[in-house]
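The values are calculated or read from the model by the stated rules, or taken from the named source; none is laboratory data. Computed from a predicted structure; not experimentally measured. Every residue, glycine as well, gets a Cβ built from its backbone with ideal geometry; the counts of neighbours run over all protein chains shown.
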Amino acid sequence: MALVSDNSTINHGGIDMIKTIVTLAYCALVAPLAFGQTRSHHKGTTTEQTVTVTGAIITAAEDGAAANYQPAKTLIIRQDNAAKPARYVLNGPGHVVNKKGDPIVTAVQPGTRVRVFYTNVGDQRMIDHVVVLN
């Protein structure tokens, strides 16, 4: 009787070994699918296109103080080194910011020190943005 008992133990151990081998083989087959990436086999045509970018180029910046009289859509600055005030045209939103770059939503008060960044368009100076210095 001892032989039968030992024999069943050997068979039971063989089944465990087969289960382990089958499990490992299954994992080896499934693992690449779980971690794999899909591949795109898209073959397209490449074309070149010319892109033209247009925009205002800031040509200068000048410092001065805002004048007492400011007509609509215009900023008049008394420059430190000029005999007469300079006139800048505000066409559009005309961003007015402080030194940090935060927008200022109130009117520029007379005597306020500013730096005007502008572009020459014909005989007009078009404002890009204004930095309030004080």
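Summary of computed values
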| read-out | value |
| --- | --- |
| Selected residue (criterion: nearest to Ile57 (Cα to Cα)) from residues of the range 82-133 that are of a type in the set (A, V, I, L, M, F, W, C) and surrounded by fewer than 14 Cβ atoms within 10 Å (Cβ to Cβ) | Val121 |
| Contacts under 8 angstrom Cβ, first residue in the range 106-126 being outside the structural domain of Asp80 (by TED's automatic domain parsing), partner of a type outside the set (Ser, Thr, Tyr) and part of a strand (DSSP E or B), 6 or more apart | none |
| Test: residue in the range 65-87 that is in a strand (DSSP E or B) and of a type in the set (Phe, Trp, Tyr) | no |
| Residue in the range 94-109 that is modelled with the highest pLDDT, counting only those that are hydrophobic (A, V, I, L, M, F, W, C) and outside any loop (DSSP other than H, G, I, E, B) | Val97 |
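Matching residues to (1) modelled with pLDDT of 75 or more; (2) more than 30 Å from Gly111 (Cα to Cα); (3) touching a Phe, Trp or Tyr at 6+ places or on another chain (Cβ under 8 Å):
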residue	(1), (2), (3)
Ala2	no, yes, no
Asn7	no, yes, no
Thr23	yes, yes, no
Val30	no, yes, no
Gly44	no, yes, no
Val51	yes, yes, no
Ile57	no, no, no
